[in-house]
1. Which FRET efficiency value, to the nearest 0.05, do you get for residue 116 and residue 261 by plugging their Cβ-Cβ distance into 1/(1 + (r/R0)^6) with R0 = 25 Å?
2. Can you give the extra length, in nm with one decimal, that the chain gains between residue 442 and residue 283 once fully stretched, where that is 0.36 nm per residue apart less the Cα-Cα distance?
3. Among 236, 21, which comes first, second and so on when ranked by fewest other beta-carbon atoms within 10 Å?
4. Amide H to amide H under 5 Å from residue 213: which residues, 5+ apart in sequence or cross-chain, H placed 1.01 Å off N in plane?
5. Efficiency by 1/(1 + (r/R0)^6): what FRET value for residue 352 and residue 388, r their Cβ-Cβ distance, R0 = 45 Å, to the nearest 0.05?
6. Where nothing but the Cβ of Lys and Arg (+1) and of Asp and Glu (-1) is charged, how large is the charge dipole of the stretch 365-430 around its Cα centre, in debye to the nearest 20?
7. Can you compute the modelled spin-label distance between residue 340 and residue 449, with each label point 7 Å from Cα toward Cβ, in nm?
8. Just order 321-329, 415-423 by mean Cβ neighbour count inside 10 Å, highest at the front, would you?
Amino acid sequence: MSIAIKNSRVRIAPSPTGFLHIGTARTALFNYLFAQNYKIRGDNASFILRIEDTDQERSKKEYEEDILNGLNWLGIEWDEGPTLHGTEKGNFGPYNQSKRERKLKSYSNYLTQLLKNGKAFACFCPSSKEEIEDKNNDKFHILCPYKDMAYNPDETRQFVIRYKNTYAEKLEERFKKGGDAFKTNEDDYVTFQDLVRNKISSPKDILGHFVIAKSFDEPLYNFAVVVDDYEMKITHVIRGEDHIPNTPKQLLLAEALGWAQVDETGVFQAPWTYAHLPLILGTDRSKLSKRHGATSVNEYKTLGYLPEAMVNFMALLGWNPGDEQEIFSKEELAKEFSLEKIQKSGAVFDTVKLDWMNGEYIRRKSVEELTALCIPFLEKAGLIKIQNAKIKSQHYNPKLKIDEYVNRILALEQPRLKKLSETGERVNFFFQEPEYDKELLRWKNMSDEDIKKALQKAEKLLSVINPPIDKKTLEKAFFDEIGDSDKGKLLWPLRAALSGKKASPGPFEIVEILGIEESIKRLEQAEQKFG
């Protein structure tokens, strides 16, 4: 059950070591909805964006910008954190870990506290494979892993709470006893209450010794995140279940710093409460990865998905409102959201469902809105270009104004579109003469002569229709001619000649947009394929 706190503070803390992953975006969304739900109920709540960029080698500015732009595109607005303009908003900054270390010296101050209180020790283990294999480097064998060795800033390689790796295990075997900062019994457990998974326990002895900082200037993840959560007064840590192994380490660190304690039931109590979200899985129920398709938010934007559809879809990855409703506005999601409705099992990323949902949102757009969204995709396909804020056609100059022409085309395609990126391929024949094999014109077992006659008949019918043309007028003229005959013998060659596609809108809708003159021209070109 969620803990009611009048001033709830949640955060998303991505590392800028890659593009914004769909899993990170889903976690950000759940934190955002949690805070928004509190606000709707009249309580104070803040959603914080914090950039964990202490990994100086892998962190890149382009990844940080992608994270900010991706969240902004999705409409996931943060109350505190970096802004798209390079500034910050909020009173608990800086919101980049690297800036916090330089400006506030928070991490080094707390590290000094741990060393002074004997809760951590300086480790002189070799920090590279080469050093481990250097048998002449005896100082590493002599000085490690005892925690009570004198601290020498010139020789210290890293700082440790409980450090464990293959090399340390060999040393423990050699020295019979390793350094133990916490002096706990090996059968002790770290137990905490999770708002999604209830009570979780982890034996302390499997944690081993873990490094918390490479130096005073280089705090590592588990140490930095605990300090930041404490200083930013975070109340709920809502994150993916892949972080569960980190939680015992973070609670032990919080305890060592005096911010957490074990209650009478053996459960750790910290200033914040944890909620670990289910993983996002591929259709084969393995963790979502590149082999399942796109994984970054920007990829889905490029593929032509709408941000509203992405938010709606992501919200249902691991959360269920408790009824059959599937289409939610962001405001509706915030009103309904609660941690109690988050499921424990993994959530399958079903692209088929995403396509369906995206299509639903496309159909809710006005034609003018859809045109504005599709213009970049039409331009990328080389069908139009934008000059002086006006649409221009590179291939085809219809008699209609180009803006009106594009609007009519997209209104025709709107009921069929699933992704904006499909637009170019679906509507290219409206802007350029189609290329196709003559076999496309064949309906069932029609002969070449039958096809040619059908095209000529369609051409004759079109030539006597007076403008303005509309679908009903076209239907009446052609259906009167067809009577009780097979409609496909006349309409299939007509549609194929106009679009050059096996699947397209109906021939009358196409003629209505192309116009009589262009339609007849295409029928004549189709006839030429048969000599």
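Any read-out appearing in this document is the output of simple, stated calculations on the displayed coordinates, not a laboratory observation. Remember, predicted model here, so these are calculated numbers, not experimental data. Note that each Cβ is placed from the backbone with ideal geometry, even for glycine, and that neighbours are counted across all protein chains shown.
1. With a Förster radius of 25 Å, E is 0.80.
2. On the way: separation 159, 0.36 × 159 = 57.24 nm, distance 3.91 nm.
Taking 0.36 nm per residue and subtracting the Cα distance, the gain is 53.3 nm.
3. Numbers: 236 24, 21 17.
Neighbour counts put them in this order, fewest first: 21, 236.
4. Under 5 Å from the amide H of residue 213 lie the amide H atoms of 159, 220, each far enough along the sequence or on another chain.
5. Values: r = 41 Å, r/R0 = 0.92.
Efficiency at R0 = 45 Å is approximately 0.60.
6. Values: 12 positive and 8 negative charges, 19 e Å.
That gives the stretch 365-430 a dipole magnitude of about 100 debye.
7. Result: 7.9 nm between the two label points.
8. Values: 321-329: 11.4, 415-423: 18.2.
Final packing ranking: 415-423, 321-329.
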